[in-house]
Amino acid sequence: MFFKGERKMFDSRLIMEQKERVIAAMRKRNFKDIALIETAAGLIEKRKRLITESESARAQQNKRSKDMPQVMKSGTPEEKKALQEELKALAEQVKSFQPGVKAVEEELDAILLSIPNLLADDAPEGGEDNAVEVKTWGAKPQFDFTPKEHDDLCKKTIDPERGAKLTGARFSVLWGPLATLERVLIQFMLDTHTRHHGYTEVWTPFMVNRATMTATGQLPKFEEDLFKTTDDLFLIPTAEVPVTNLHRDEVLREEDMPLRYCAYTPCFRREAGNYGKDTKGYIRQHQFNKVELVKFTRPEESDAELMKLLDDAEDILRRLGLHYRVVRLAAQDQGFSSSKTFDIEVWLPGQGRYREISSCSSFTDYQARRGQIRFKRTGGKATELVHTLNGSGLAIGRTLIAVVENYQRADGSIAVPEALRPYLGCEVINPA
RNA sequence: GGAGAGAUGUCCGAGUGGUCGAAGGAGCUUGACUCGAAAUCAAGUGAGCUCUGCGAAGGGUUCCUAGGGUUCGAAUCCCUAUCUCUCCUCCA
């Protein structure tokens, strides 16, 4: 009763059996608290010792308790009293282990929750500047004039001043054709993923509780990045959070896997630590829209499914005719829960550089362990942790920027990409 | 917001102080029957931790929403929280 078996966090077995590998991976990631691994190892040993002791005391208590009904029925008063006193002493002994076990487990759990996922062995070394280009698609569009940045092109239709009036910095209002473009991009992406890539559309809450945020890894470490309500609920920073948690504490059936979901949600991020970055334009907002792809797979297929997920996200850009490249993130640039991440970067001619428009990751069993998302093989007995994957498919605001900058014309109007014409009902929009 | 009822295994659903990890059913697995399938019959089938063992396996322990409490002993009694349902109220 005073210890639960489930360790819903970093795999303690991995620490015990492959400590050097874990430490090496954490170094590569530039994880600051390497010492925590050793501390955790010590606590795991201590916990085992305490559990062994307390369980043998409990076993003794249980054994003697079995005599109780018989003695109560036909024993002498002396026998009853003697047994009761003996059992009382045993009960006290069992209880005496409680505080120790609880303290060790709380300390251990806090540590295990704060250790990031193990990196894939082939993660490139280094940080932000060491991403490895994997592929490119298309070519940079050529202009016979100097292409402008999106905020310059859309002075009347992207309105950060009114966003600031209504809410604050990093909020924007969209007007007219750009509001429509934002809306139809959502629909275009969802339609493409559900009709052509085999995803099931889901619609989720945009606020979630602590347990949900903890399973996907946002909590406990990154609370300062989240918007929080007075009811201890959090605004989601990505649809990954509610969609991955759909199957928290569930046992899935192998024949249903892999599960592929896509969802549109707004995303809310405080952008703590990004104060100077991208202060102008529509690139970095506290609230933005995103269509997200999420998969639940068997462990052996997660790598292949990640490549397919990445390709499904890329397909949106191909259909829109937008030049992009794919990079594999280096170790120190990867998210807390991620084992392997590819970013898709779209070309922005106004800025003259590639910008992240999608991030596709495998979380291996890390989120599955934290959220106890498991599956049972057909005909098998044991349950196993699933692998979770997700990726943006795509970020809507940045797609809007990419469309505007790539399809701009000398007069400031925007040619509508072929794929969006049925949605917009026109071939040109005028954002000025 | 007011009043009441409930939360049990993959699912449904019994179970009001000890012999309950938990009846029964569904599902699933295996076998029988069948040319095959369906139907039928039989057997099996929860999870975590931990110890012993090369392993096969076996032992111990915990888990009946969560957290506290009563008791020698809790699925069962008490308190709190969360969620679900019914009625009333309110409301897009």
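What follows is calculated from the coordinates using simple rules that are stated; it is not laboratory data. Values in this document were obtained by computation on a predicted structure and should not be read as measured data. In this analysis, Cβ positions are derived from the backbone assuming ideal geometry, glycine residues included, and neighbour counts consider all displayed protein chains.
Some points to look at:
- A Förster radius of 30 Å combined with the Cβ-Cβ distance from A:A103 to A:K32 puts the calculated FRET efficiency at roughly 0.75.
- Against the main long axis of the alpha-carbon atoms of chain A, helix A:77-96 sits at an angle near 30°.
- Selected from A:G276, A:G335, A:G198 as most flexible by GNM, with chain A as the system and alpha-carbon contacts under 10 Å: A:G276
- Relative to one another, the C-alpha centroids of segment A:340-372 and segment A:63-89 are positioned 65 Å apart.
- Inter-site label distance for A:D122 and A:E45 at 7 Å from Cα along Cβ, in nm: 3.6 nm
- Computed from Cα positions, the angle between helix A:396-406 and the longest principal axis of chain A comes to roughly 20 degrees.
- Debye log10 I(q)/I(0) at q = 0.10, 0.11, 0.14, 0.15 Å⁻¹ for segment A:54-182, Cα point scatterers: -0.72, -0.78, -0.97, -1.00
- Where only C-alpha atoms are counted, convex hull volume of segment A:298-387 per residue in Å³: 109 Å³
- Remark: the A:R298-A:A382 segment gains 28.9 nm on full extension, using 0.36 nm per residue and subtracting the alpha carbon distance.
- Label-point gap, in nm, between A:K156 and A:E17 - each point 7 angstrom along Cα→Cβ: 6.6 nm
- Counting all C-alpha pairs of chain A, share separated by more than 31 Å (%): 49 percent
- Taking every DSSP bridge with both residues inside chain A, close to 90 percent are antiparallel.
- For the listed peptides A:260-269, A:114-123, a ranking on the average number of other beta carbons within 10 Å per residue, highest first, reads A:260-269, A:114-123.
- Cα-projected label distance for A:S413 with A:S96, points at 7 Å along beta-carbon direction, nm: 8.8 nm
- Centroid-to-centroid separation of segment A:103-121 and segment A:125-192 [C-alpha atoms, Å]: 38 Å
- Gaussian network model of chain A, Cα within-10 Å springs - most flexible of A:E161, A:E345, A:E384: A:E161
- Most positive-pole-ward Cα, A:I186, A:V243, A:G425, against dipole of chain A from beta carbon charges: A:V243
- Assigned charges on the beta-carbon of Lys, Arg, Asp, Glu; segment A:269-325 dipole about Cα centre (debye): 500 debye
- Furthest towards positive pole of dipole, A:F97, A:L83, A:L14, structure part segment A:1-131, Cβ charges: A:L83
- Extension gain for A:R318-A:R284 works out to 9.9 nm (0.36 nm per residue, less the C-alpha to C-alpha distance).
- Residue-span extension gain [A:T229 to A:A59] - 0.36 nm each, minus C-alpha spacing: 56.6 nm
- Of the residues A:V94, A:V134, A:V208, the one that moves most in a GNM of chain A with alpha-carbon contacts below 10 Å is A:V94.
- Our summary gives segment A:317-401 a relative contact order of 23 percent, counting only alpha carbon pairs under 8 angstrom and 6 or more residues apart.
- Think of each Lys and Arg Cβ as +1 and each Asp and Glu Cβ as -1; about the Cα centre, that makes the dipole of chain A roughly 840 debye.
- Net charge dipole size for segment A:87-170 [Lys, Arg +1 and Asp, Glu -1 on Cβ; Debye, nearest 20]: 620 debye
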